[in-house]
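Input: a single structure, listed below in structure tokens.
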Amino acid sequence: MKATLILENGDVFTGRSIGAVADRVCEMVFNTSMTGYQEILTDPSYAGQGIVMSYPLIGNYGVNDEDNESERPWAQAFIVRHLARRGSNFRCQGDLDAYLKQYHITGIEGVDTRALTRILRSQGTMNGMITCAEDFSVETCLEKIRAYRVQDTVRQVTCHAPCVYPADGQQKLRVALMDYGFKKNMVRGLQKRGCEVTVFPAYTPAQTILDGKFDGVMLSNGPGDPAENVEIIAELKTLYDSDIPIFAVCLGHQLLALANGCKTHKMTFGHRGANHPVKELASGRCFITSQNHGYVVTPESVDPAVAKISYVNVNEGSVEGLEYVRPNCFTVQFHPEAAPGPQDTATLFDHFVQMMKGGAR
């Protein structure tokens, strides 16, 4: 079946329908990863977005029940150059097209995704629409496209009640994980280091966490504009003003920065992929990181009396981490749980555990 992709700037791409056939309007972003498409689709940080995979062959190893980073995919649309019709891998349990249909994700294949990526990279992230209609008005579609906004996404993806994940082996520490759109591998990274992890809804009051006598707090990744989460930012200020160890990733990193007077801004096209080089300023070492974000902390807004920039992006110098003056508190923009290197930055979990052991409750 024919499918059409219309971008906010008026560009039109024609291809073949994959996944669901429903019309879909969303924010179009690109990801440069060669693998990991199932983890990408199920990353809650993609809520409200359509994903353009710049690598030309997607779906070649199929899908399985183990690689989901959440209970369901959150991406609204999926755009590929070529979709493999059959997965070839000993872990394969199904094909990607059936997976997209199962979760009602609208997709299109047969478009030049590298040309599409160049447009989004040069002109910036923009809204788009995929339709399978034979007869449609581009102008009418553009009205819908330009009216679309990614809003209130943290409330959409967060859990509704606390959930406890036991430690692997002997329990040593208890961690409260604030769910702004957490990924399962984040929990696994803590479990295998002897942590019992309690995942809390995003809007849980800070005092509830402090009353729980946890050894540490982890602030998860998540979708959308960090500045719109006014309630969460206020609660994080209370957590920060306590002495509990804090480790934050991606959206959590941005939210804690906002709680401490920093500013954030939307990037032209963001960072989404598994090959982003990041430099640790203290050591001069570079790491290959996995990233998925469209907003970043504004470097000029970081008060040296509150925090210092600890990591920067090698490509364009954006803020990739903050080390706070307040003891036992550090944050990173990238994803240490996503295994891009594959273990380049997993030691950040070890650092967090050592912080908690130093002041175990």
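The values are calculated or read from the model by the stated rules, or taken from the named source; none is laboratory data. Since the structure is predicted, the reported quantities are computational estimates derived from the model, not experimental observations. Here the Cβ positions follow ideal geometry from the backbone for every residue, glycine too, while neighbour counts run over all protein chains shown. Accessible surface is based on the protein model in full, side chains and every heavy atom, while ligands, DNA and RNA are left aside. Shrake-Rupley method; radii C 1.70, N 1.55, O 1.52, S 1.80 Å.
Residues in region 154-194 average 48 Å² of solvent-accessible surface per residue, probe 1.4 Å, ligands and nucleic acids excluded.
Label zone (Cys163, point 7 Å along Cα-to-C-beta; backbone nitrogen cut-off 18 Å) within region 197-235: 197-204, 218-223.
Each label point was placed 7 Å from the Cα along the Cα-to-Cβ direction; for Arg149 and Glu134 their separation is 3.8 nm. In a fully extended conformation the segment linking Asp211 and Gln354 would gain 49.3 nm over its present Cα-Cα distance, using 0.36 nm per residue.
Annotation for region 315-336 versus region 7-65: alpha-carbon center distance of 29 Å. Proximity of backbone amide H atoms, modeled 1.01 Å from N, is registered between Ala307 and Val325 at under 5 Å, excluding neighbours fewer than 5 places apart on the same chain.
Here, P(r) means the percent of Cα pairs in each 20 Å bin from 0 to the largest distance; for the chain it is 30, 56, 13, 0. Each label point was placed 7 Å from the Cα along the Cα-to-Cβ direction; for Ala98 and Arg72 their separation is 2.0 nm. Sequence-ordered 3J(HN,Hα) estimates for region 170-179 from the Karplus curve with 6.51, -1.76 and 1.60 and θ = phi - 60° stand at 6, 6, 10, 9, 10, 10, 9, 9, 7, 8 Hz, glycine and proline given as x. One Cα centroid belongs to region 67-139, the other to region 164-221; the line between them spans 32 Å.
Each Lys or Arg adds one and each Asp or Glu takes one away; over the other residues whose Cβ falls under 13 Å from the Cβ of Asn229, this sums to -4. Once you put a point 7 Å from the Cα of Ala346 and another 7 Å from the Cα of Arg121, both along the Cβ direction, what distance in nm separates them? Result: 3.0 nm between the two label points. Taking Lys and Arg as +1 and Asp and Glu as -1, the other residues whose beta-carbon sits under 9 Å from that of Val296 total 0. Give the angle, between 0 and 90 degrees and rounded to the nearest 10, that separates the Cα long axis of helix 230-241 from the longest principal axis of the Cα atoms of the chain. The angle comes out near 30 degrees. Ignoring ligands, DNA and RNA, what percent of the 1.4 Å accessible area of the chain is carbon and sulfur? Ligands and nucleic acids excluded, carbon and sulfur reach 49 percent. Couplings for region 156-165, taken from phi via the Karplus curve 6.51 cos²θ - 1.76 cosθ + 1.60 with θ = phi - 60°, read 6, 9, 5, 6, 9, 8, x, 9, 9, 10 Hz in order; Gly and Pro are left as x. Computed over protein heavy atoms with a 1.4 Å probe, the accessible surface of region 1-105 works out to 41 Å² per residue. For the residues Glu316, Glu39, Glu231, a GNM of the chain with alpha-carbon springs under 10 Å puts the largest fluctuation on Glu316. For the pair Asp303 and Leu281 in one chain, pulling the backbone fully straight at 0.36 nm per residue adds 6.2 nm over the alpha carbon distance.
Close amide H pairs (under 5 Å, H built 1.01 Å from N) link Thr289 with His276, Val278, residues at least 5 positions away or on another chain. Residues of region 78-104 with the amide nitrogen closer than 13 Å to a label point 7 Å from the Cα of Ala22, along Cα-to-Cβ, please. 101-104, by backbone N distance to the label point.
Considering only Pro73, Pro304, Pro223, the mean-square fluctuation computed in a Gaussian network model of the chain, springs between alpha carbons under 10 angstrom, is largest for Pro304.
For the pair Ala84 and Val314 in one chain, pulling the backbone fully straight at 0.36 nm per residue adds 79.4 nm over the alpha carbon distance. For Tyr165, the residues 5 or more places off, or on other chains, whose built amide H falls under 5 Å of its own are Val197, Thr198, Val199. Across region 113-124, computed HN-Hα scalar couplings (Karplus, 6.51 cos²θ - 1.76 cosθ + 1.60, θ = phi - 60°) run 6, 6, 5, 5, 4, 4, 5, 5, 6, 8, 9, x Hz from first to last residue, x flagging Gly and Pro. Which of rounded, prolate, oblate describes region 137-260, given a ≥ b ≥ c as roots of the alpha-carbon gyration tensor eigenvalues and a/c under 1.5 marking rounded, otherwise prolate only if a/b is larger than b/c? It is prolate, given that a/c is not under 1.5 and a/b is the larger ratio. Volume per residue of the convex hull around the Cα atoms, evaluated for region 42-107, comes out as 81 Å³. Taking other residues whose beta carbon is less than 12 angstrom from the beta carbon of Asp95, and scoring Lys, Arg as +1 and Asp, Glu as -1, yields +2.
The order of Arg149, Arg81 by accessible area, most exposed first and with a 1.4 Å probe, is Arg149, Arg81.
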